[in-house]
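Asks: Below is a structure I'd like to ask you about.
Nothing in this text is a laboratory measurement; each read-out follows from the coordinates by a stated rule. All of these numbers come straight from a predicted model, not from anything done at the bench. Reconstructed Cβ throughout: ideal geometry from the backbone, glycine too, with neighbour counts over all protein chains shown.
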Amino acid sequence: MPILIAIIGALGAAAYWYFRMRDIGVAGRDLVNVANDVRLAARRFGFSRRSNIHPAESIEDPKVAIGGLAVVFLELDDLPSQDARIAMTRELQRATNVILQDAEELAILGRWLMSECGGPEPTVTRLSKKLFKLGGGEQLAPLMQVLNAIGTAGDGSLSERQRDALDDIKYAFKL
């Protein structure tokens with residue numbers, strides 16, 4: 001009887017480790033796919049990372065900065081709804097005059113920029129300053145068009161963190 005229990009225990013341990021390793025392989029493939037999506041989005045918009053320069057400072061297209069700020073503004077909401085995500089993508093498409101696939105890639109690139117900046121709050125500061133450098137006050141209208149769509153898509157009220165982000169954007173655009 002003890003031999004039978006030891007065999008069952010060994011089989012159980014082997015099954016546990018087998019399934020655990022299989023899940024690690026799936027997670028690894030998912031990470032490769034995410035990295036590939038970011039790489040393809042960056043290539044489409046001409047974004048190239050330069051050494052010894054923060055990725056936010058490497059942005060040369062205002063669309064990328066607007067996409068990043070849109071994703072950050074959405075993430076600053078306490079619990080962003082699916083409607084808000086759809087509204088962000090749709091309005092990003094309209095405001096930047098791109099097709100839907102490009103708007104989705106701008107969102108992917110924006111999410112990556114947010115992770116490189118260390119969170120939503122520092123990203124707002126960096127990207128809004130960079131957007132002002134790229135296009136001046138002319139870029140405020142398309143940005144506010146997207147942010148307005150995100151704000152009105154949910155329950156219509158902005159969170160405290162979103163209001164603080166709007167203050168940071170005003171400061172960057174010298175309003």
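Asks: Please state which one of 134, 100, 127, 109 is surrounded by fewer than 21 Cβ atoms within 10 Å (Cβ to Cβ) and within 18 Å of residue 56 (Cβ to Cβ).
Replies: Going through 134, 100, 127, 109 in turn, the sole match is 134.
Asks: If you go through the range 151-175, how many residues are of a type in the set (Val, Ile, Thr) and farther than 11 Å from residue 73 by Cβ?
Replies: Final tally of qualifying residues: 1.
Asks: A further question follows. Limited to the range 152-169, what total is found for residues that are free of Cβ contacts under 8 Å to residues at least 40 places away in the same chain, touching a helix residue (DSSP H, G or I) at 6+ places or on another chain (Cβ under 9 Å) and in a helix (DSSP H, G or I)?
Replies: 1
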